[in-house]
Amino acid sequence: MRKFYLLILLICSNLIYSQRINPEDITNLCSNENMPGETPSNSNYTDLRTSCGPFNPLSSSLVLYYVEIESGSTFTFRISPNAAVDYDFASWKNPNLDNLGPADRGSQNDGVNAGQYDIGLSMTETMLCEIPGATIAAGTTATVPGFVRYYDVQPGDGILIAVNRWSDTDAGFTISFDGDANAILNCDFTEKTYEQCDINYDGKEIFDLNKIKRDINNTDQSFIIDFFQTEAEAKNPNATATLPSPYTVNIEESPKKIYARFKRSNGNYLKSLLINLVINETPKKPIEPLKYELCYEEIKNNKKAATFDLTKFEDELNKNNIGTIEFSYLEPDTDTLKLISTPQAYNSISQTITIRMTINEKCPVDIPLQLIVNEIDLKTTSFTYSEFCATETETGLRYDLTQTIQSLIGNKDLTKYNVEFFRSTLDAVNGTNSIDDPANYLVAYHEEQYLSVKITDQNTCSLLSEIRLHAIPRFKIDDQLNTECEPYKLPELPEGYTYYLEANGQGKTLEANTPESTFYGPKTIYIHAMKPYDAPELNNCSFEDSFTITTEGCFIPKGISPNGDQINDAWDLTPYGVINLKIYNRYGIEVYKKTGGYTNEWQGQSNGSKKLPSGTYWYYFEGLTGVYTGWIELIY
């Protein structure tokens, strides 16, 4: 019966002495390191009691702390005064702040009597509470005075700690959570931030509040969590205007503040938590794929390589974004990506690398950048530009160098190349002192020049070719007049020149130092010249000149004496260029005929090769200078 009355007395004291705690008077702690405690000062709380001291409340000079368990199964703490000051404590596991009854742990011992002032929870103690004024002598203290049993906890449990001071003086204290217990404290007491990227670029994003609820709940998901527009609503246990999930936030509202209300499974209000919903700008991708082409500079591992400035696209990529983009550059490395440390001077073969863009180091967007190492699709060439393609002037030959361009670029599309002419290779390499008017380039007679040609394509790839110019004067022969009936012999011609009997390189060709190269006039000889060199399509240019041979002082022999003495044995008409010859006897009968050219074949024979009798014969022949007739005497 006595135990029954004591139980009734305890229940009644709990009802009588319970007190509501204002959450704003509580300091939330989450560090597992030492924290400097606040100096307890006079408060409005006068009825906070331990389970073993229901009639001896803590003094009103106290401070309240709250910790929440994130993980682990055991929890301890230690309060260490900075001097010999007597502190007491009380603690509640998962307290009801609206109706806070006696603490389930506490110590109100006499620190002076105990000889030590540290108090708290210990992994080695079994006592739950030290009564007010407990002393070692009375055997009312724990094994270590000031310390009582640890808490068995689970994630989501909350511990309220009240520290009060009995001494008149104060020196402050340190509260720590680094004992042998394994509990880790939750630091998400005041606010949490959730961010999403505006990946659709539509200025709004949808937040899954149910997902956030699971994230901020304890491991057992035992808290009842609702979201509200205002903090006041979240702190009202009876508020019902909860926010729906999914929840849409416009970028103009970002960061959007909403509030989470936590209740325990029994419906008791626990706390409120500020939730910041942030929409981050997402870097915009370029419309067209990025491509970066350079001309190869070196051979790297048997592949052509060049040095790229990967940052060249940054200004363009920044244009359509509000925030400033941070750029990083990544290269493929087996199955991953590796940061490029020197993006402004990146030596690479043809490959695709990744540009990673972020704004405020958030919302990464990866875009591929294709690196292409080019070489110009032409081959270096060297050829001679024929002097016959140039125009004669008094001082030299004038070349139109632009006529060589198609040969230089292999008859490809000229719009894809830039062609420049230079007098030296050094000028071509440096791009200096180009020939201003290549269509009218004068080279003095007998001068030989080698010009460098720089050809650059649309990718700025270039090569050098060479053109040889040799301004050799045209070979010409003046008209020839021979007044002594001597034949004219054609002289040797320079390389590329040929004699013709007809204009425009037509008809029979003639060679010097042959029987056919000796002429009596009148005769017109044509000199035709062409030098294809090593570029026959380009050098399809020719030169032609002519001269006339005139022979005077020649006469037609009046007779022959074919007696074998080698004197006047044949009738020589060579200077006349006889085409057709006919000889008749005095009766008008044809006795000899020669067609297709005659020189000195008649020696008194008939058409049948019989010897004609001596006598007077009449002749008729057609020569280069006209038709001739007359009499000739045949004497043996």
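What to note about this one:
- Summed over region 302-314, residues that are open to solvent by less than 70 Å² (accessible area, probe 1.4 Å) and polar (S, T, N, Q) total 2.
- Matching residues, region 230-275, being touching a Gly at 6+ places or on another chain (Cβ under 8 Å) and at pLDDT 90 or above: Asn250, Ile251, Glu252
- Region 518-539: number of residues that are under 28 Å from Ile405 (Cβ atoms) and either free of Cβ contacts under 8 Å to residues at least 24 places away in the same chain or in contact with a Ser or Thr (Cβ under 6 Å, 6 or more places away or on another chain) (or both): 8
- Within region 208-223, being in a loop (DSSP other than H, G, I, E, B) and among the polar types (S, T, N, Q) holds for Asn217, Asn218, Thr219, Gln221, Ser222.
- Beta carbons closer than 7 Å, at least 6 apart along the sequence or on distinct chains, pair a first residue in region 47-61 that is over 11 Å from Asp88 (Cα atoms) and open to solvent by 20 Å² or more (accessible area, probe 1.4 Å) with a second that is of a type in the set (Ser, Thr, Tyr) and in a loop (DSSP other than H, G, I, E, B) for Ser60/Ser43; Ser60/Tyr45; Ser60/Thr46.
Here is a yes/no grid of residues against (1) open to solvent by 50 Å² or more (accessible area, probe 1.4 Å); (2) over 30 Å from Gly410 (Cβ atoms):
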position	(1), (2)
Leu490	no, yes
Tyr520	no, yes
Asp534	yes, no
Phe555	yes, yes
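- Out of Ser254, Ser265, one residue alone is of a type in the set (Ser, Thr, Tyr), closer than 30 Å to Glu24 by Cα and open to solvent by 60 Å² or more (accessible area, probe 1.4 Å). It is Ser265.
- Contact map, region 237-265: residues that are part of a helix (DSSP H, G or I) paired with residues that are surrounded by fewer than 19 Cβ atoms within 10 Å (Cβ to Cβ) and modelled with pLDDT under 95, Cβ distance under 6 Å, separation 6+ or inter-chain. Pairs shown: Ile251/Gly203.
- If you go through region 173-207 and pick out every residue that is within 16 Å of Val249 (Cβ to Cβ), part of a loop (DSSP other than H, G, I, E, B) and open to solvent by 40 Å² or more (accessible area, probe 1.4 Å), you end up with 4.
- Scanning region 194-203 for residues that are in contact with a strand residue (DSSP E or B) (Cβ under 9 Å, 6 or more places away or on another chain) and over 17 Å from Leu243 (Cα atoms) returns Glu195, Gln196, Cys197, Asp198, Ile199, Gly203.
- Test: residue in region 511-525 that is among the hydroxyl-bearing types (Ser, Thr, Tyr), modelled with pLDDT under 95, more than 28 Å from Leu493 (Cβ to Cβ) and in a strand (DSSP E or B): no
- Here Ile632, Ile567 are screened, and the one residue that is of a type in the set (Val, Ile, Thr), outside any strand (DSSP E or B) and either over 60 Å from the mean Cα position of the chain (by Cα) or surrounded by fewer than 13 Cβ atoms within 10 Å (Cβ to Cβ) (or both) is Ile567.
- Top-ranked residue in region 589-636 [being touching a residue at least 12 places away in the same chain (Cβ under 8 Å), of a type in the set (Gly, Ala, Ser) and out of contact with any Gly (no Cβ under 6 Å at 6 or more places or on another chain); ranked as nearest to Gly521 (Cα to Cα)]: Gly597
- Residue satisfying all of: in region 134-172; surrounded by fewer than 17 Cβ atoms within 10 Å (Cβ to Cβ) and free of Cβ contacts under 8 Å to residues at least 40 places away in the same chain; farthest from Leu270 (Cα to Cα) among these: Ala137
- Residue match in region 342-361 (condition: more than 28 Å from Asp202 (Cβ to Cβ), within 13 Å of the chain's Cα centre (by Cα), of a type in the set (A, V, I, L, M, F, W, C) and surrounded by fewer than 18 Cβ atoms within 10 Å (Cβ to Cβ)): yes
- For region 434-486, a residue qualifies if it is part of a strand (DSSP E or B) and without any contact (Cβ under 8 Å) to a residue 24 or more places away in the chain, and the qualifying residues are Ser434, Glu448, Tyr450.
- The listed residues are Asn513, Asn504, and the only one of them that is under 28 Å from Leu469 (Cβ atoms) and in contact (Cβ under 8 Å) with a residue 12 or more places away in the chain turns out to be Asn504.
- Within region 315-325, tally of residues that are surrounded by 15 or more Cβ atoms within 10 Å (Cβ to Cβ) and either within 9 Å of Lys284 (Cβ to Cβ) or under 20 Å from the mean Cα position of the chain (by Cα) (or both): 3
- Taking region 44-118 as the region of interest, the strands (runs of 3 or more DSSP E) fully inside it that hold 3 or more residues being within 17 Å of Asn164 (Cα to Cα) and of a type in the set (A, V, I, L, M, F, W, C) are 61-71, 87-93.
- Looking at region 344-433, the strands (runs of 3 or more DSSP E) lying wholly inside it that each contain 1 or more residues that are more than 17 Å from Leu463 (Cα to Cα), of a type in the set (A, V, I, L, M) and modelled with pLDDT of 95 or more sit at 351-359, 362-374, 396-399.
- Top-ranked residue of region 570-588 - restricted to ones that are in a strand (DSSP E or B) and over 19 Å from Pro522 (Cα atoms), ranked as least open to solvent (accessible area, probe 1.4 Å): Ile583
The values are calculated or read from the model by the stated rules, or taken from the named source; none is laboratory data. Not measured: the values here are computed from a predicted model. Cβ sites come from the backbone with ideal geometry, for glycine too, and all protein chains shown count toward neighbours. Accessible surface is based on the protein model in full, side chains and every heavy atom, while ligands, DNA and RNA are left aside. Shrake-Rupley method; radii C 1.70, N 1.55, O 1.52, S 1.80 Å.
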